[in-house]
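> Quick one: the structure is below, questions incoming.
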Amino acid sequence: MARNKRAIPEINAGSMADIAFLLLIFYLVTTTMDTDKGINRKLPPIDELTEEPPPIKERNIFTVLVNSNDQLLVEDEYLEISELRAKAMEFIDNNGDGSCTYCKGYGISTSSDNPVKAVISLQNDRGTSYGMYVKVQNELVAAYEDLREIYAENEYGRSYRSMDPEEDEEIIKEVKNAYQQKISEAEPLNIGG
C-alpha cells in the first residue's frame, strides 16, 4: 500500500512582520490619546523684593474649610455644596463700607467692605476627596463668574461669557478688575472629620 505523502501546506510568514508593523503604525496614527487636564490657575510671579502684605481685616476674609468627610464649614456654619456659590456671591458683593457704586449687596457691616477687598480663604483637610476639592473650587470660581456676568449685563448690556477676548479686551479687563478673583489656598491640614 502506498502512502499518500502529501506535503502539509505551510503559511509563508515572511511578510507577517511587515503587516504587524503596518498595523501598529495605523493604530498609532489613527488613535487619539486623552490628555489629563488640571485646574487652571495662574500663580503670581516670584518677587525678589518680598514685602509684607498689607493687613486684611477679618471681616474681608471668607473662610471655607473642607474636612476629611467632605463637609463644608463656611464662616463657622455647616453648608451644603449647593449653597456655597450663593453664600460666596453674597460675601463678595456685600459693599459693607458703601464705597462700591456697582455692588448689589446688603451692606452688612460684619461682611466684606467691597469686592476689591474681599478674599476667599480655602483650606482642605488632607483626607478631603479630590472630587470635593474640585467641586468647591468650581463653585467659588463660578461665584466670581456670575458676578462678572451680572456686572457686564448691567454696565454694558452684554453677556460677559460671550465677549470676544480680542474685540472686547478693555471691557473684559474692566469687568475682571471690578470683581478680582482672590482665592487664597492654605496648606492642607488634619482639620478633622
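The values are calculated or read from the model by the stated rules, or taken from the named source; none is laboratory data. Predicted model, so just to flag it, every value in this text is computed and none were measured. A quick note on method: Cβ atoms are made from the backbone with ideal geometry, for glycine too, and the neighbour counts reach across all protein chains shown.
> Looking at the range 106-136, which of its residues are part of a loop (DSSP other than H, G, I, E, B) and within 25 Å of residue 54 (Cα to Cα)?
Of the range 106-136, the ones part of a loop (DSSP other than H, G, I, E, B) are 106-118, 126-129.
Matches in the range 106-136: 107, 108, 109, 110, 111, 112, 113, 114, 115, 116, 117, 118.
> From the list 11, 25, 19, exactly one residue is farther than 30 Å from residue 134 by Cα, over 27 Å from the mean Cα position of the chain (by Cα) and at pLDDT 90 or above. Which is it?
Numbers: 11 fails: at pLDDT 90 or above; 19 fails: at pLDDT 90 or above.
On inspection, the qualifying residue turns out to be 25.
> Which condition number does residue 58 fail, the rest of (1) within 18 Å of residue 184 (Cα to Cα); (2) at pLDDT 85 or above; (3) surrounded by 10 or more Cβ atoms within 10 Å (Cβ to Cβ) being met?
Of everything listed in (1) within 18 Å of residue 184 (Cα to Cα); (2) at pLDDT 85 or above; (3) surrounded by 10 or more Cβ atoms within 10 Å (Cβ to Cβ), residue 58 misses just condition (3).
> Something else now. Would you mention how many residues in the range 168-179 are at pLDDT below 90 and part of a loop (DSSP other than H, G, I, E, B)?
1
> Could you identify the single residue in 136, 116 that is under 16 Å from residue 63 (Cβ atoms) and surrounded by 13 or more Cβ atoms within 10 Å (Cβ to Cβ)?
One residue alone meets the criteria, 136.
> Please identify the pairs in which a residue from the range 54-66 that is of a type in the set (D, E, K, R) has its Cβ atom under 6 Å from the Cβ atom of a residue that is at pLDDT below 85, counting only partners at least 6 apart or on another chain.
59/110
> Cβ-Cβ distance below 9 Å, separation of 6 or more or different chains: which pairs start in the range 103-128 with a residue that is in contact (Cβ under 8 Å) with a residue 24 or more places away in the chain and basic (Lys, Arg) and end on one that is surrounded by fewer than 20 Cβ atoms within 10 Å (Cβ to Cβ) and assigned to a strand (DSSP E or B)?
Close Cβ pairs (under 9 Å, with a partner that is surrounded by fewer than 20 Cβ atoms within 10 Å (Cβ to Cβ) and assigned to a strand (DSSP E or B)) amount to 126/189.
> Now for a separate question. Only one of these is more than 21 Å from the chain's Cα centre (by Cα) and farther than 17 Å from residue 64 by Cβ: 153, 77, 149. Name it. Break it down stepwise before answering.
On the way: 77 fails: farther than 17 Å from residue 64 by Cβ; 149 fails: more than 21 Å from the chain's Cα centre (by Cα).
The unique qualifying residue is 153.
> Is there a residue in the range 37-47 that is out of contact with any Phe, Trp or Tyr (no Cβ under 7 Å at 6 or more places or on another chain) and modelled with pLDDT of 75 or more? Give the steps one after another, and end with the answer.
Of the residues in the range 37-47, the ones out of contact with any Phe, Trp or Tyr (no Cβ under 7 Å at 6 or more places or on another chain) are 37-47.
Still in the running and modelled with pLDDT of 75 or more: none.
No: the range 37-47 contains no residue that is out of contact with any Phe, Trp or Tyr (no Cβ under 7 Å at 6 or more places or on another chain) and modelled with pLDDT of 75 or more.
Conditions tested, residue by residue: (1) of a type in the set (D, E, K, R); (2) at pLDDT 90 or above.
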{"residue": "101", "(1), (2)": "no, no"}
{"residue": "104", "(1), (2)": "yes, no"}
{"residue": "118", "(1), (2)": "no, yes"}
{"residue": "135", "(1), (2)": "yes, yes"}
{"residue": "143", "(1), (2)": "no, yes"}
{"residue": "149", "(1), (2)": "yes, yes"}
{"residue": "165", "(1), (2)": "no, no"}
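> Follow-up question, since we're still on this one. I need every pair where a residue in the range 147-167 that is part of a loop (DSSP other than H, G, I, E, B) has its Cβ under 8 Å from the Cβ of a residue that is surrounded by fewer than 13 Cβ atoms within 10 Å (Cβ to Cβ) and of a type outside the set (Ser, Thr, Tyr), sequence separation at least 6 or different chains.
From the range 147-167, the pairs are 159/153; 160/153.
> Right, another one. Residue 67 - would you say it is surrounded by 15 or more Cβ atoms within 10 Å (Cβ to Cβ), closer than 17 Å to residue 181 by Cα and over 17 Å from the mean Cα position of the chain (by Cα)? Reasoning before the result, please.
Values: surrounded by 15 or more Cβ atoms within 10 Å (Cβ to Cβ): yes; closer than 17 Å to residue 181 by Cα: no; over 17 Å from the mean Cα position of the chain (by Cα): yes.
Taking the combined requirement at face value, the residue does not satisfy it.
> If I filter the range 70-98 down to residues being of a type in the set (Gly, Ala, Ser) and within 20 Å of residue 134 (Cα to Cα), which single residue comes out as surrounded by the most Cβ atoms within 10 Å (Cβ to Cβ)?
Step one: filter the range 70-98 for residues of a type in the set (Gly, Ala, Ser), giving 82, 86, 88, 96, 98.
With the extra rule that they be within 20 Å of residue 134 (Cα to Cα), the set shrinks to 82, 86, 88.
Numbers: 82: 9, 86: 13, 88: 24.
Looking at the filtered set, the residue picked out is 88.
> Then there is this: Taking residue 108 as meeting all but one of (1) within 19 Å of residue 85 (Cα to Cα); (2) loosely packed, with under 15 Cβ neighbours inside 10 Å; (3) within 16 Å of the chain's Cα centre (by Cα), write down the number of the exception.
Condition (3) is where residue 108 drops out.
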